[in-house]
Amino acid sequence: MTDPSAVEEVAPVREFWQGLGLPGLFDVHVHFLPPNIQRRVYEQFDLAGPKIEREWPIRYRGSHEERIELLREFGVRRFPTLPYAHRPGIATYLNDWARRFADDVPESMWSATFYPEPEAAKYVDRLVGDGVEVFKVHVQVGEFHLDDPLLDPVWGTLADSGTPVVIHAGSGPVANAFTGAPPLRRVLERFPRLTAVVAHMGAPEYADFLALAEAYERVHLDTTMVFTDFFEADAPYPRDLLPRLRDLQPKVLLGSDFPTIPYPYAHQLDGLARLDLGEQWLRDVCWDNGVRLFGLHGG
Ligand SMILES: [Zn+2]
């Protein structure tokens with residue numbers, strides 16, 4: 001951590017949810033990774049590597065214990081760990097680690113990932129049977145097609161079980177051949193009951209992913225980094241979409257990307273508040289929608 005004073009960090013976050021009369025925050029986009037992998041992710045951000053291409057000074061670099069404690073002080077009462085595989089052969093390692101983390105940290109949602117590989121159908125099936133709470137995939141980092149045939153049985157399992165999957169499918173920060181809305185649209189055409197949470201609202205293809213959330217009953221959007229000054233500078237949210245976003249009130253979920261963010265946690269909340277979509281919209285986004293989708297057990 002850059003040693004931001006605890007009071008300075010925590011007070012505005014607590015004031016936000018207390019002011020709305022909420023019991024805390026439900027943040028659907030938080031990362032905890034095995035330390036060796038976390039270090040490599042930090043390196044990519046520090047170097048502004050090819051997947052990043054801009055300065056991105058990470059604010060929260062404490063140990064896992066320090067970061068869990070900070071989330072507790074913020075009043076984030078539920079959060080996932082969202083591991084993601086950047087190549088074949090590592091999902092099981094990440095998933096075993098994330099499972100132990102969820103056992104140890106009661107507020108955390110048991111999270112897992114998958115990759116288009118022959119074993120995916122089997123390990124996803126087993127995780128769902130065992131009660132995993134959320135999956136994460138990242139096509140920009142993983143460089144795979146969401147409609148890869150190896151994932152057909154996986155989408156089928158998730159559509160049947162209703163287990164949510166957080167999908168980074170938008171072309172931010174740097175587009176490649178795998179990003180954008182069309183691959184997710186093709187998956188949804190075949191698995192229309194899939195519970196998908198579009199990370200970063202699909203930045204920068206906001207309109208395309210908004211249309212998917214309107215068209216498919218179980219497609220949600222997470223707010224991760226959207227509406228912050230950092231994102232507004234590079235991928236501003238089109239203001240003409242705001243009335244439709246207001247109407248999607250039950251399908252928008254607070255996400256932050258903690259700890260990999262270059263500004264104080266409270267800034268994400270300010271970004272949402274300044275949209276002026278009403279207090280009930282904020283209450284649903286920051287708490288009720290998360291509780292409804294994921295439940296509170298474990299927390
Ligand atoms: Zn993320």
For K122, the lysines lying under 20 Å Cα to Cα, once residues fewer than eight places off in the same chain are dropped, come out as K136
Taking a probe of 1.4 Å and leaving out DNA, RNA and ligands, the chain shows per residue an accessible area in Å² of 40
For the range 228-286, the fraction of alpha-carbon pairs in successive 5 Å shells from zero, as %: 4, 17, 28, 28, 17, 7, 0
If the label point sits 7 Å along Cα→Cβ of A48, residues of the range 162-183 with amide N under 15 Å come out as 173-174
Within the chain, which is the longest segment that contains none of the GluC sites (Glu not before Pro) sitting in a DSSP loop with at most 16 other Cβ atoms within 10 Å? 218-299
Quick check: Cα centre of the range 238-296 to Cα centre of the range 115-139, how many Å? 27
Which three extents, in whole angstrom, do the alpha-carbon atoms of the range 176-266 cover along their principal axes, largest first? 40, 31, 23
Quick check: from the Cα gyration tensor, does the range 143-223 come out rounded (a/c under 1.5), prolate or oblate? oblate
Please find the FRET efficiency linking Y263 to K122, where r is the Cβ-Cβ separation and R0 is fixed at 51 Å, and quote it to the nearest 0.05. 0.80
GNM flexibility winner over the chain from I261, I167, I52 (Cα, springs under 10 Å): I52
Treat every Asp and Glu Cβ in the chain as -1 and every Lys and Arg Cβ as +1, leave all other atoms uncharged, and give the resulting dipole magnitude about the Cα centre to the nearest 20 debye. 420
Take the Cα of D152, step 7 Å along the line toward its Cβ, and report every residue of the range 181-196 whose backbone nitrogen sits under 16 Å from that point. 186-192
How large a share of the accessible area of the chain, in percent, is made up of carbon and sulfur atoms when the probe is 1.4 Å and the other protein chains stay in place? 51
Theoretical ellipticity at 222 nm over the chain - DSSP helices of four or more residues, -39500 (n - 2.57) apiece, nearest 500: -12000 deg cm²/dmol
By the mean-Cβ-within-10 Å protection proxy, highest first, 97-103, 168-174 rank as 168-174, 97-103
On a straight-distance basis, which aspartates and glutamates could pair with K51 in a cross-link, Cα separation under 13 angstrom, same-chain partners fewer than 8 positions away excluded? E43, E143
At q = 0.12, 0.14, 0.15 Å⁻¹, work out log10 I(q)/I(0) for the chain with the Debye formula, treating every Cα as an identical point scatterer and leaving solvent out; two decimals please. -0.72, -1.03, -1.21
So for the range 1-144, considering every pair of alpha-carbon atoms, how many percent are separated by more than 23 Å? 43
Mean projected area in nm² (Cα convex hull; one quarter of hull surface) for the range 38-110: 5.6
Net charge of neighbours whose Cβ lies under 11 Å from the Cβ of A207, counting Lys and Arg as +1 and Asp and Glu as -1: -3
Residue-count net charge about F230 - beta-carbon cut-off 13 Å; Lys, Arg +1, Asp, Glu -1: -4
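The values are calculated or read from the model by the stated rules, or taken from the named source; none is laboratory data. Since we're looking at a predicted model, the values are computed, not measured. Virtual Cβ from ideal backbone geometry, glycine too; neighbours counted across all protein chains shown. Ligands, DNA and RNA are stripped out before the accessible areas are found, and what is left, the full protein with its side chains, is counted by its heavy atoms. Shrake-Rupley method; radii C 1.70, N 1.55, O 1.52, S 1.80 Å.
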